[in-house]
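Reading through the structure tokens given below for one structure.
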Amino acid sequence: MGLFDALFRRSRPVESIPVQPAAEPDAPEETGPLAIRVANLQGIGEREEQEDSFAVLNATALAELSSQGLFALVADGMGGLSDGDKVSQAAVSAMAQGFYYVRGTPQQVLLQLAQRANGAVNQLLGEDGAYRSGSTLTAGLIRDGAVHYLSVGDSRICLYRQGELYQLNREHVYRSELYVNYVNGEETLDGAAAHPKGAGLTSFLGMGRLKYIDLPAQPVPVRPGDRFLLMSDGVYNALTPGELSAALDQGAGQAAQAINDAIRAKGYQNQDNYTAVILNC
């Protein structure tokens, strides 16, 4: 098994593997002065195909790459379009492979990796393939005691700290533009909130030239006990913030199992694919 095979994980339905931790639930992975415990979960839901992909890479396993930090990402292929699984896998593969070669500040690394992901997807779809398929992307990089992140679309990265769950990134959905229209007097507030296409993506891999990316000006300093949760919309649409918080009160592996069990217990007939990566600090 090569380096890339050992570190990159292609998503598989949770029905086959109940919970796949990227590391043993209680086995810390060292990244600088932090000890990070990592776990993930994934399910196919009620869909015919699994269109989510993810990867977790800890470069500190390699002495010459120890400055790179720990990198996690989740990509959600768009189920309403064709080949969402191939697009999300292409994006994750491009970023995971590039992680070992790009250099720079954490922000520069994330931007370079996002460029690689978008380029890989555009190449896969071809010159006339824009909007034929697509994927969201959320990525987090822990380096030098802080979490840096980048996202495109509506997958989320959240921080659970001292009993409170905070969404860190901004979603690229049509409802945000409708709210701007409301402020400008061009839309009613109720109409913006209830618009049937409000959840439609306004930026995603697969549209050719990206319209938006979310990249904060400053990273989030990591405190002992912090939990960072990267997840597709199949997770946060199924569970409330309170339900996610209750799960995240546990260790990484136990939290992953609790989230998975809670989603399955809902029994939603239209349950989407769901994927999450949990980083316990």
List the number of the failed condition for Gly253; all other conditions in (1) of a type outside the set (A, V, I, L, M, F, W, C); (2) touching a residue at least 40 places away in the same chain (Cβ under 8 Å); (3) over 30 Å from Val109 (Cα atoms) hold.
-> (3)
Mind checking which residues of segment 123-178 are in a strand (DSSP E or B) and of a type in the set (Phe, Trp, Tyr)?
-> Tyr149, Tyr160, Tyr166
Only one residue in Ile263, Ile259 is under 20 Å from Ile36 (Cβ atoms) and open to solvent by less than 10 Å² (accessible area, probe 1.4 Å). Which one?
-> Ile259
Counting only residues that are more than 14 Å from Leu73 (Cα to Cα) and either open to solvent by less than 10 Å² (accessible area, probe 1.4 Å) or touching a Cys at 6+ places or on another chain (Cβ under 7 Å) (or both), how many does segment 103-130 have?
-> 2
Going through segment 109-120 one residue at a time, which ones are touching a Gly at 6+ places or on another chain (Cβ under 6 Å) and within 15 Å of Lys211 (Cα to Cα)?
-> none
Positions within segment 237-248 being open to solvent by 30 Å² or more (accessible area, probe 1.4 Å) and in contact (Cβ under 8 Å) with a residue 12 or more places away in the chain, in sequence order = Asn237, Pro241, Glu243, Ala246
Within segment 75-101, residues being at pLDDT below 90 and closer than 17 Å to Gln112 by Cα number 2
Could you grab the pairs with beta carbons closer than 6 Å, sequence gap of 6+ or different chains, first residue in segment 131-159 and over 11 Å from Leu113 (Cα atoms) and open to solvent by 10 Å² or more (accessible area, probe 1.4 Å), second one in a strand (DSSP E or B) and of a type in the set (Val, Ile, Thr)?
-> Tyr149/Ile157; Asp154/Val173
Just need a number here: residues in segment 169-222 that are farther than 22 Å from Asn122 by Cα, touching a residue at least 40 places away in the same chain (Cβ under 8 Å) and surrounded by fewer than 16 Cβ atoms within 10 Å (Cβ to Cβ).
-> 4
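The values are calculated or read from the model by the stated rules, or taken from the named source; none is laboratory data. It should be emphasised that the depicted structure is a prediction, and the values quoted were computed from it without experimental measurement. Positions of Cβ are generated from backbone atoms using ideal geometry, with glycine treated the same way; all protein chains shown enter the neighbour counts. Accessible surface areas use protein heavy atoms only, side chains included; no ligands, DNA or RNA. Shrake-Rupley method; radii C 1.70, N 1.55, O 1.52, S 1.80 Å.
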